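Asks: First the structure, which I've put down as structure tokens, then a few questions once you've had a look.
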Amino acid sequence: MSDLKTVGRSERRVDSVKLATGRGTFVDDIEMPGMLHARILHSPHAHARITRIDASQARAMPGVVCVLTHEDVPRVPYTTAGQGWPEPSPYDAVMLDHKVRFVGDRVAVVAADDPELAQRACEAIKVEYEVLPAILDPEKAMAEGAPVIHDQADASGIKDPARNLAAEIVAEVGSVERGFEEAERVFEATYRVPYVQQSSIEPHITITWLDEDHRLVVRTSTQVPFHVRRIIAPLLGIPLRRIRVIKPRIGGGFGGKQEILIEDLCGMLTLRTSRPIRLEYTREEELTAARTRHPQIVTVKSGVRDGRLTALEMRVLENTGAYGTHALTVMSVTGNRALSLYRCPNLRYEARAVYTNLAVAGAFRGYGCPQGFFWRATSTRSRRPWATIPSSSGRATTSRRATTSRSPRYWARARRDSSRSSAPVASPRPSSSEPRRLVGRKSEGGTAPAVARASMARKPSISQCTVRRDSGGRRARRDSLPTRARGRGRRRRPRRTGYAAASAWRS
């Protein structure tokens, strides 16, 4: 151990001095001479077309340096998602559009001497809208006659714009139909995962300027600096080598800053004014104009025979919001991670991401996994796993998933609860005379309550312990239970987790 330089030794954080002294740590910890402040005019309508926009009054205000609308910037389709290349998301967004698709969509941007003046200039812009029917229910988005959200001709990568279908996945391994025919019991339920916002302490903030070599420098709170440079280069019409992206320490991202939201506007304002630009989202803008977790409606159907899965089918309807950023990749991870939890010879996955006139969804911590795992976590909460519901095939189905993986303590509680009710309960667990393999410990016999009591006896509570001191005078916790009650002589797993849980059995 003495030869090791890092293992077992304390290491200084790379940014510890900056964090302690508050020097240049985050994006906003710099001050540029002659810096302008930018504000964005957002749409008040969920779905509308801009018929007329007049920014003359805003441009005439003293201290307002630049105002940009869709008439002042080039129209280049792109995606705000910072992912791999080639980019799998639809190219369905432009810098500023003549059509808005959700409450919070970008209409115009203003650069002025201070943020308050820029906000007043945004309010001075006169906009006339042709309000269009909005679709707010993802289950009705693909219905015939539903409003078409992306009807522009220059968008690409959309699965079916006429049906508001951004992306689609259909995959099957084996035959789920045969698997359901072989099953003794079929379990089917639908789960809904709602909108969730990252709410990072540091909001989205970007500062841009031109350096001494006339390169555009982008100092931004992002998780994907190289994607920022790649995406904004064609939007601004400058070569990639003329852009330098600086990523300081970010005050929270959680996937929400895997998007290019304001870097393109700041860069365009800097190119038009040749002055530093600072743009920061307010907390209200974070909740309306930034990104969220993808809401999903997940339907899971599984067939079980002799405690084993014979078929597993998952159907996902994903609400990607007004734009398809991360739509395909998030629901790809949802099916990949959720269906790989269990061994099953017959798998089927159907997923569809649909457009709505709601907030735009993107990357969020877990990236599709929490939506897929939600059905498993929810299905294990039922305290009456034997309750059945009719299925579409007429076969008796259970409202929750297969119950053969319950813990011994759960079945001890279930038997105790069932004994208090008048209805008899038939447990799907094996009889006490049959050997069973318990999760996390060696095969043992005995009834479930006996196993649970033995497990509880080996884990004394805090009240059953005394505090003593070892030879060095340090406080040491020792069990005050008798040797037999402490389970001495029995082989059991360590009570540690993570790397230590991989250690060998100990007495």
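Asks: Can you pull out every residue in segment 310-329 that is within 18 Å of Ile297 (Cβ to Cβ) and in contact with a helix residue (DSSP H, G or I) (Cβ under 8 Å, 6 or more places away or on another chain)? Working first, answer last.
Replies: From segment 310-329, those within 18 Å of Ile297 (Cβ to Cβ) are 312-321, 324, 326-328; that's our starting set.
The answer is Leu312, Glu313, Met314, Val316, Leu317, Glu318, Asn319, Thr320.
Asks: Could you tell me how many of the residues in segment 121-134 are part of a loop (DSSP other than H, G, I, E, B) and more than 21 Å from Leu279 (Cβ to Cβ)?
Replies: Keep residues of segment 121-134 that are part of a loop (DSSP other than H, G, I, E, B), which gives 125, 132-134.
Right, trim to more than 21 Å from Leu279 (Cβ to Cβ) and you get 132-134.
Number satisfying all stated conditions: 3.
Asks: Checking Val73 against (1) under 24 Å from Asn357 (Cβ atoms); (2) open to solvent by 30 Å² or more (accessible area, probe 1.4 Å), only one condition comes out false. Which one?
Replies: (2)
Asks: Report whether or not Ile231 is part of a helix (DSSP H, G or I) and not aromatic (Phe, Trp, Tyr).
Replies: On the way: part of a helix (DSSP H, G or I): yes; not aromatic (Phe, Trp, Tyr): yes.
Yes, satisfied.
Asks: Hey, another quick one. If you go through segment 189-199, how many residues are surrounded by fewer than 21 Cβ atoms within 10 Å (Cβ to Cβ) and in a strand (DSSP E or B)? Before the answer, list the steps.
Replies: Here is the first cut: in segment 189-199, the ones surrounded by fewer than 21 Cβ atoms within 10 Å (Cβ to Cβ) are 189-192, 194-199.
Still in the list and also in a strand (DSSP E or B): 189-192, 197.
Number of matching residues: 5.
Asks: Is it the case that segment 246-257 has a residue that's assigned to a strand (DSSP E or B), open to solvent by less than 20 Å² (accessible area, probe 1.4 Å) and small (Gly, Ala, Ser)? Give the steps one after another, and end with the answer.
Replies: From segment 246-257, those assigned to a strand (DSSP E or B) are 246; that's our starting set.
Next, only the ones that are open to solvent by less than 20 Å² (accessible area, probe 1.4 Å) stay: none.
Among the residues of segment 246-257, not one is assigned to a strand (DSSP E or B), open to solvent by less than 20 Å² (accessible area, probe 1.4 Å) and small (Gly, Ala, Ser), which makes the answer no.
Asks: Of the residues Glu263, Glu181, Glu168, which is modelled with pLDDT of 95 or more and closer than 24 Å to Gly34 by Cα? Even if it seems obvious, please write down each step before you answer.
Replies: Details: Glu181 fails: closer than 24 Å to Gly34 by Cα; Glu168 fails: closer than 24 Å to Gly34 by Cα.
It is Glu263.
Asks: Next question, about the same structure. Within the bounds of segment 78-99, is there any residue that is loosely packed, with under 14 Cβ neighbours inside 10 Å and either polar (S, T, N, Q) or at pLDDT 95 or above (or both)? Talk me through it step by step, then tell me what you get.
Replies: Step one: of segment 78-99, the residues loosely packed, with under 14 Cβ neighbours inside 10 Å are 84-86.
Right, trim to either polar (S, T, N, Q) or at pLDDT 95 or above (or both) and you get none.
No, segment 78-99 contains no residue that is loosely packed, with under 14 Cβ neighbours inside 10 Å and either polar (S, T, N, Q) or at pLDDT 95 or above (or both).
Asks: Under the condition of being in contact with a helix residue (DSSP H, G or I) (Cβ under 6 Å, 6 or more places away or on another chain) and open to solvent by less than 10 Å² (accessible area, probe 1.4 Å), which residue from segment 331-344 is modelled with the highest pLDDT?
Replies: Filtering segment 331-344 for residues that are in contact with a helix residue (DSSP H, G or I) (Cβ under 6 Å, 6 or more places away or on another chain) and open to solvent by less than 10 Å² (accessible area, probe 1.4 Å), the one modelled with the highest pLDDT comes out as Thr334.
Asks: Does Glu202 satisfy being open to solvent by 70 Å² or more (accessible area, probe 1.4 Å), closer than 30 Å to Arg242 by Cα, modelled with pLDDT of 95 or more and assigned to a loop (DSSP other than H, G, I, E, B)?
Replies: Answer is no for this residue.
Asks: Restricting segment 152-174 to residues that are open to solvent by less than 80 Å² (accessible area, probe 1.4 Å) and part of a loop (DSSP other than H, G, I, E, B), which is nearest to Pro88 (Cα to Cα)?
Replies: Looking at the filtered set, the residue picked out is Gly157.
Asks: Next question, about the same structure. Here is a list: Leu287, Leu328, Leu347. Which entry is touching a residue at least 60 places away in the same chain (Cβ under 8 Å), in contact with an Asp or Glu (Cβ under 9 Å, 6 or more places away or on another chain) and surrounded by fewer than 22 Cβ atoms within 10 Å (Cβ to Cβ)? Quick ask: steps written out before the conclusion?
Replies: Details: Leu287 fails: in contact with an Asp or Glu (Cβ under 9 Å, 6 or more places away or on another chain); Leu328 fails: surrounded by fewer than 22 Cβ atoms within 10 Å (Cβ to Cβ).
Step by step, each of Leu287, Leu328, Leu347 is checked, and only Leu347 is touching a residue at least 60 places away in the same chain (Cβ under 8 Å), in contact with an Asp or Glu (Cβ under 9 Å, 6 or more places away or on another chain) and surrounded by fewer than 22 Cβ atoms within 10 Å (Cβ to Cβ).
Asks: Out of all the residues in segment 47-70, which are open to solvent by 20 Å² or more (accessible area, probe 1.4 Å), under 30 Å from Asp137 (Cβ atoms) and not in a strand (DSSP E or B)?
Replies: His70
Asks: Given the criteria at positive phi and either touching a His at 6+ places or on another chain (Cβ under 6 Å) or surrounded by fewer than 24 Cβ atoms within 10 Å (Cβ to Cβ) (or both), does Gly366 qualify?
Replies: On the way: at positive phi: yes; either touching a His at 6+ places or on another chain (Cβ under 6 Å) or surrounded by fewer than 24 Cβ atoms within 10 Å (Cβ to Cβ) (or both): yes.
So Gly366 fits the description; yes.
Asks: Moving on. Among the numbered criteria (1) in contact (Cβ under 8 Å) with a residue 12 or more places away in the chain; (2) over 25 Å from Gly255 (Cα atoms); (3) open to solvent by 50 Å² or more (accessible area, probe 1.4 Å), which one does Glu144 miss?
Replies: Of everything listed in (1) in contact (Cβ under 8 Å) with a residue 12 or more places away in the chain; (2) over 25 Å from Gly255 (Cα atoms); (3) open to solvent by 50 Å² or more (accessible area, probe 1.4 Å), Glu144 misses just condition (1).
Asks: Okay, next question. If I ask for residues that are farther than 14 Å from Glu259 by Cβ, in contact with a strand residue (DSSP E or B) (Cβ under 9 Å, 6 or more places away or on another chain) and not in a strand (DSSP E or B), which ones from segment 205-225 would you list?
Replies: Listed by number, the residues that qualify are Asp211, Arg215.
Asks: A further question on this structure: Can you name every residue in segment 103-120 that is within 19 Å of Arg75 (Cα to Cα) and part of a loop (DSSP other than H, G, I, E, B)?
Replies: Of all residues in segment 103-120, those within 19 Å of Arg75 (Cα to Cα) come to 105-110.
Selection gives Asp105 alone.
Asks: Please determine, by comparing only the residues of segment 290-325 that are closer than 22 Å to Thr80 by Cβ and open to solvent by 20 Å² or more (accessible area, probe 1.4 Å), which one is nearest to the chain's Cα centre (by Cα).
Replies: Only one residue fits best here, namely Arg293.
The values are calculated or read from the model by the stated rules, or taken from the named source; none is laboratory data. Quantities reported herein were computed from a predicted structural model and do not represent experimental measurements. Because the Cβ atoms are built from the backbone with ideal geometry, glycine has one as well, and the counts that use them run over all protein chains shown. Side chains are part of the model used for accessible areas, which takes the heavy atoms of the whole protein and leaves out ligands, DNA and RNA. Shrake-Rupley method; radii C 1.70, N 1.55, O 1.52, S 1.80 Å.
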